[in-house]
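Values quoted throughout were computed directly from the atomic coordinates according to the rules given, and no laboratory measurement underlies them. From a predicted model like this one, the values you see are computed outputs, not experimental measurements. For neighbour counting, all protein chains shown are included, and Cβ atoms are generated from backbone atoms with ideal geometry for every residue, glycine included.
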Amino acid sequence: MEVRKIAVLRANAVGDFIFALPALEALRAAYPSAEIVLLGLRWHRVFLEGRPSPIDRVIEVPASRGINEVTGKAEDPKDLDAFFQRMAAERFDIALQLHGGGRYSNPFVLRLKAGLTAGLKAPDAIPLDRWVPYVYYQPEILRYLEAVSLVGATAQSIMPRVAVTAKDFAEAAAAVPRDLHSVVVLNPGAGDGRRRWPPSHFAELGDRLSSQGLTVVVHGSEKDRSQVESVAEGMTRTPLVACGNLSLGGLAGLLSQARLLVSNDSGPLHLAAAVGAPTLGIYWCGNLINAGPVARSLHRPVISWRLNCPQCGRDCATNSCDHHCSFVADISVEEVFAAAKELLAFNRPQPWI
């Protein structure tokens, strides 16, 4: 059949979108003349506007259980009905579900009334026309490549790539008015407290990196302010602070020029890798399976092998608890600093010949 328009449901956070980029590039290569429409969130539209990518257009999805959970706002059946009427009028030839196991997202995709539906299916989800099993422990990049292979898309790369624009560079230079090539960025935030390395560890690491002649920038979004301030206040060498003053594009500009990012497993870590920055990621072993970097010349994980919750002792590899204390606090500053020195030495800027 002729494929003119493809819908892709992927309405979640920054890292989640980064993991799907190789699959989106595969779709673009398989269907070069088709319009690829991302059913996403407002931040996708803002970030992708004017930025080269496999996506032609972003349509924001309304508040919807399991798809777009908006704090303080329940889904409105009338809003959803109107949305799906508009989507039916789009006449999608293919609709792809890359948004989790499908308990909520598969019914959502079926309501698009596309010619063909395909994607992921957990045991509690209804099937699409074509599907692959959703098993939690699988590298996310490979999960979405396997899903788009259902419609004939073949991997062009397994490394996510994000284009950086002149606007991104200008915003980064205004926020951090230093030689960005001497900058090491520390990112102490993460959406889940279990993934956060202690601010005191970041502060000690920042002092060690600063003693090497590097400019340390402590970065975070506004919601990370307490972690960012704790790191900055804990350092004896005063760092630069970039907290809540960079858009996602500006952050991409900063990271693309930095010598290194040291970060918890979070969106900025995966964005940095996608713009070509060396990264040192602090991972819990379970998250490493799904979200760990593929390559090692530019990217290095340091890993906590803790399985039991520090508070209740439950084995969280098989049965997670409700506590959010750090699972990565046991990783030593010495181990992270050693990995940072290796990456900085391997990726030292070379003189032109």
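For segment 87-102, residues that are over 20 Å from ALA13 (Cα atoms) and assigned to a loop (DSSP other than H, G, I, E, B) total 3. Every residue in segment 117-130 that is in contact with a helix residue (DSSP H, G or I) (Cβ under 7 Å, 6 or more places away or on another chain) and either surrounded by fewer than 20 Cβ atoms within 10 Å (Cβ to Cβ) or over 21 Å from PRO22 (Cα atoms) (or both), please. ALA125, ILE126, LEU128, ARG130, listed by residue number.
Could you please let me know if LEU307 is aliphatic (A, V, I, L, M), free of Cβ contacts under 8 Å to residues at least 24 places away in the same chain and more than 27 Å from PRO160 (Cβ to Cβ)? Criteria met by LEU307.
Remark: pairs (first residue in segment 67-88, surrounded by 13 or more Cβ atoms within 10 Å (Cβ to Cβ); second residue polar (S, T, N, Q); Cβ separation under 7 Å; 6+ apart in sequence or on different chains) = ILE67/SER105; GLU75/SER64; LEU80/SER64.
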